[in-house]
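Contents: one structure, followed by commentary.
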Amino acid sequence: VLVQASARGWLEFDDYMALSARPKVTSVEKVLGIGSNANDKNFWMQELNAKLTLWNLSFDVGRGSFWWGPSYHGSLLITDHAFPLDRVALRSEEPFRLPWLLKHLGDWKVNSFLARLERDRDFPRTNVFGLRLSLLPTSWLELGASRLTQFGGRGRSQSFPKAVFDSYEGLNPVDLGINEQISIDFRARIPNVPYIVPFPSGMQWYGEVGSEDDIEGTTMAVVTGIYIPQVFRKSTNDLRIEYANTDFSKVIGRKSGSWYNHGTYVSGMRQRGFPLGHHMGTDGVDLFVRSTRYLTDNLRLGANFNLQERQKNLPVHEKKREASVDLTWWVSSDLEVSLNYTYQRIKNPGQISNINPFQEFFAAGVTSVNHLIWTTVRWEF
C-alpha cells in the first residue's frame, strides 16, 4: 500500500509579494520510479516559490510546474508531467493591450522562464529558456506561440542570454549545438448552430502544431481536440476527445525518432528521464476520451478511455489500453474527496533503463494488466 500526502501553503504580503510551498511525503521511497523524488527520499519539496508583482509584471523564483497550450491530456512543449523545474520566470500577470492603433489587435499575455535541469545527464545543469506569447484577438479565439531553447550545461561554453539571442537571430540551431522546439496553438469557441453544432452551449476546438530541430531538418508533432461543455439540453454531461501524435513526421514521409531527443543533448528535452512535454514521449500516438456528469450539485462522476502507443519507430514498442472511472464529492467548500479506479492493459511495457544518455527498455512479449485504486482527500484551511 502506497500512501502519499502533501500540503500547500500560501502567504501573501499585500498585492506585491507571495510565498508558496508544497512539501510532499511518500510511505515507500523509489516506488514512483525515476524522476519522482530522486529515488532515495521519502520527503521532498514539490513546490517552493517566491513571487514578486509590480504593475502587471510577475517575477517568480523557485521550483514549480506549469502548462503551456490549450490541451487537457498532454501538450507538446511544457506540461506538469515531469518533475517541477527549478527556474526563474517573468510573465504578465493580467492580459494587456498594446498602445495606439495596435490596441485593436486584442489582449496579449507573455510568459517566459529560465530553468536549470538536473545533474545526472549528459551535460549537468543544462539550461532551458522558454518564451510564450498568447493573443486573444476576439472573445471566441485564442492564439499562442511557444518556443523552448536548450543550451549550456557543464562542459559547454554557451551562456545566457547570448545563446538565446543567437538562436532567435535565425542561425541554424544544429550548427550552434542548441536544441529547440517551437509550437503554435489555438482555441476556438464555436456557438450553437442548428444542424451543424447542435450542442446547447456550443463547443471548443483546439490544436497545437510543433516543430523539433534535427540534423535532417525539422520534424513535426500535433495535438488536436474538441470539448463539448453540454452534450444534451437539460443535462450536465460533457465530452472531450483529444488526439496527439509525436510521430507525425513519419506520416508525412519524414524522419522519426526526433521529438524530445537531440544529437548533442542525448538526455533530450527531459527532466529526470521524463519529457518536459507530452507524457507519451518520442514517436507516440495518443487518443483520449473523457466525459463527466454531475449526479447532484456536489457529486460528479467521470470516465476516461485512453489508447496509446509509445516509441512506434522501434520494432518492439509499448501499446496501452486504459479505462478509468472517478467519483468526486465536494463535502463542503473546504473539503473534497475523490475515489478513482483505473484498468490498464499494457503490451510490451517500457521502463527507463538510463537517463544519461536516455534509453528505454521494452519487454517484448510481455503483457501487464494493472488494477489501480486510489483515493484523494483535499482539505483547504
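The values are calculated or read from the model by the stated rules, or taken from the named source; none is laboratory data. Keep in mind that this is a model prediction, so the values were computed, not measured. Backbone-built Cβ (ideal geometry, glycine too); neighbour counts: all protein chains shown. Accessible surface is based on the protein model in full, side chains and every heavy atom, while ligands, DNA and RNA are left aside. Shrake-Rupley method; radii C 1.70, N 1.55, O 1.52, S 1.80 Å.
Listed values, structure above:
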item	result
Residue within the range 118-128 that is within 18 Å of Trp68 (Cα to Cα), in contact with a Lys or Arg (Cβ under 9 Å, 6 or more places away or on another chain) and of a type outside the set (A, V, I, L, M, F, W, C) present	no
Whichever residue in the range 130-160 is within 30 Å of Asp107 (Cα to Cα) and among the polar types (S, T, N, Q) and, among such residues, is surrounded by the fewest Cβ atoms within 10 Å (Cβ to Cβ)	Ser139
Every residue from the range 152-177 that is of a type in the set (A, V, I, L, M, F, W, C) and assigned to a helix (DSSP H, G or I)	Ala163, Val164, Phe165, Val174, Leu176
Subset of the range 318-371 [among the aliphatic types (A, V, I, L, M) and either within 14 Å of Gly281 (Cβ to Cβ) or not in a strand (DSSP E or B) (or both)]	Val331, Ile352, Ile355, Ala363, Ala364, Val366
Number of the condition not met by Asn127 [criteria: (1) among the polar types (S, T, N, Q); (2) within 30 Å of Ile228 (Cα to Cα); (3) crowded, with 18+ Cβ neighbours inside 10 Å]	(2)
Exclusive hit being open to solvent by less than 60 Å² (accessible area, probe 1.4 Å), within 30 Å of Ser139 (Cα to Cα) and either at pLDDT 90 or above or not small (Gly, Ala, Ser) (or both), set Ala163, Ala188	Ala188
Residues of the range 358-381 classified as open to solvent by 50 Å² or more (accessible area, probe 1.4 Å), closer than 23 Å to Gln311 by Cβ and under 23 Å from the mean Cα position of the chain (by Cα), total	2
Only listed residue being surrounded by fewer than 17 Cβ atoms within 10 Å (Cβ to Cβ), in contact with a strand residue (DSSP E or B) (Cβ under 7 Å, 6 or more places away or on another chain) and in contact (Cβ under 8 Å) with a residue 40 or more places away in the chain, chosen from Val289, Val285, Val316, Val331	Val316
Hey, Ala38 of a type outside the set (Lys, Arg), under 23 Å from the mean Cα position of the chain (by Cα) and either at pLDDT below 85 or part of a loop (DSSP other than H, G, I, E, B) (or both) or not	yes
Residue in the range 195-247 that is farthest from the chain's Cα centre (by Cα), counting only those that are open to solvent by less than 40 Å² (accessible area, probe 1.4 Å), among the acidic types (Asp, Glu) and at pLDDT below 95	Asp214
Some residue of the range 92-101 being in contact with a Ser or Thr (Cβ under 7 Å, 6 or more places away or on another chain) and either at pLDDT 95 or above or surrounded by 18 or more Cβ atoms within 10 Å (Cβ to Cβ) (or both)	no
Selection count where residues are outside any strand (DSSP E or B) and open to solvent by 40 Å² or more (accessible area, probe 1.4 Å), scope the range 267-282	2
Of the criteria (1) farther than 19 Å from Ala145 by Cβ; (2) in contact (Cβ under 8 Å) with a residue 40 or more places away in the chain, which one Leu54 fails	(2)
